[in-house]
Amino acid sequence: MPALVGGGLRVKPGEISLAHLGVLFLDELPEFQRAVLDSLRQPLETGKIMVARANAHVTFPARVQLIAAMNPCRCGHLADAALACSRAPKCAADYQARVSGPLLDRIDLHVEVQGVTAADLVLPPPREGSAEVAARVAAARALQTARYACQGARTNAEADGELLDAVATPDEVGRKLLAQAAEAMKLTARGYHRLLRVARTIADLAGAERVGRIHVAEALSYRRQPPRRVSSRPTKTKAQAARFDSTSIGETAPSWRK
């Protein structure tokens with residue numbers, strides 16, 4: 001744990017502080033000890049880490065962009081019935097449960113990436129290259145720098161409270177979708193505000209002045225969905241089932257994000 005969050009006999013900063021204002025990449029996330037992963041919850045929320053020892057109490061900066069990678073299960077072949085282990089799919093649930101819900105709630109973008117096949121290697125390059133993406137990101141960062149010039153923040157990730165409400169409140173149809181999603185997806189207060197920040201950033205990437213329904217919908221598509229429980233109750237009628245379904249929001253993602 002000291003290597004990641006800091007500590008030791010003579011207190012020193014850990015990797016999360018050494019990555020301050022940069023990227024902290026954790027590969028094979030569930031392989032870390034549960035206590036080590038949960039120690040990241042405070043710095044991911046506050047941007048600083050407090051290390052308490054008998055001889056010292058030290059606070060280090062720790063505002064990072066956390067990027068983590070993991071297989072769906074220990075064997076890594078959950079989607080391939082020919083290669084999956086004999087415990088699938090239960091092994092996937094057990095493996096993913098090694099990462100706590102509160103930590104997952106602090107991760108804004110959850111993206112499933114399919115394995116690269118040999119056939120994929122001969123495909124033509126994507127229509128939009130890294131240079132074009134970098135230019136769009138730089139433009140969005142410039143918008144945020146101007147927006148928060150006198151606000152004590154640098155990016156949307158640091159906006160909070162009244163400032164976040166002022167810059168990221170969606171339009172009327174966006175608020176309606178957000179209210180439906182908050183109820184259907186059981187969003188926490190933390191998840192709600194993180195979703196607003198992501199929607200504001202998506203709007204910045206699109207060059208939109210205000211957060212709209214399309215931006216909220218895309219932000220919702222990146223939130224982690226809790227596993228659905230299988231119910232033994234009778235199937236609902238179409239009228240009863242005609243309610244918000246979070247699985248459909250990904251269809252509204254704009255083409256410039258695909």
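What follows draws every value from the coordinates through simple rules; no lab data is involved. Worth saying up front: this structure is predicted, and the values here are computed from it rather than measured. Counting neighbours? That spans all protein chains shown, and the Cβs are built from the backbone with ideal geometry, glycine included.
Counting only helices (runs of 4 or more DSSP H) that sit completely within region 117-231, those holding 3 or more residues that are small (G, A, S) and under 27 Å from L104 (Cα atoms) correspond to 161-168, 172-184, 189-206, 213-221.
Taking the criterion of being out of contact with any helix residue (DSSP H, G or I) (no Cβ under 8 Å at 6 or more places or on another chain) and within 24 Å of L24 (Cβ to Cβ), the residues of region 66-91 that qualify are I67, G76.
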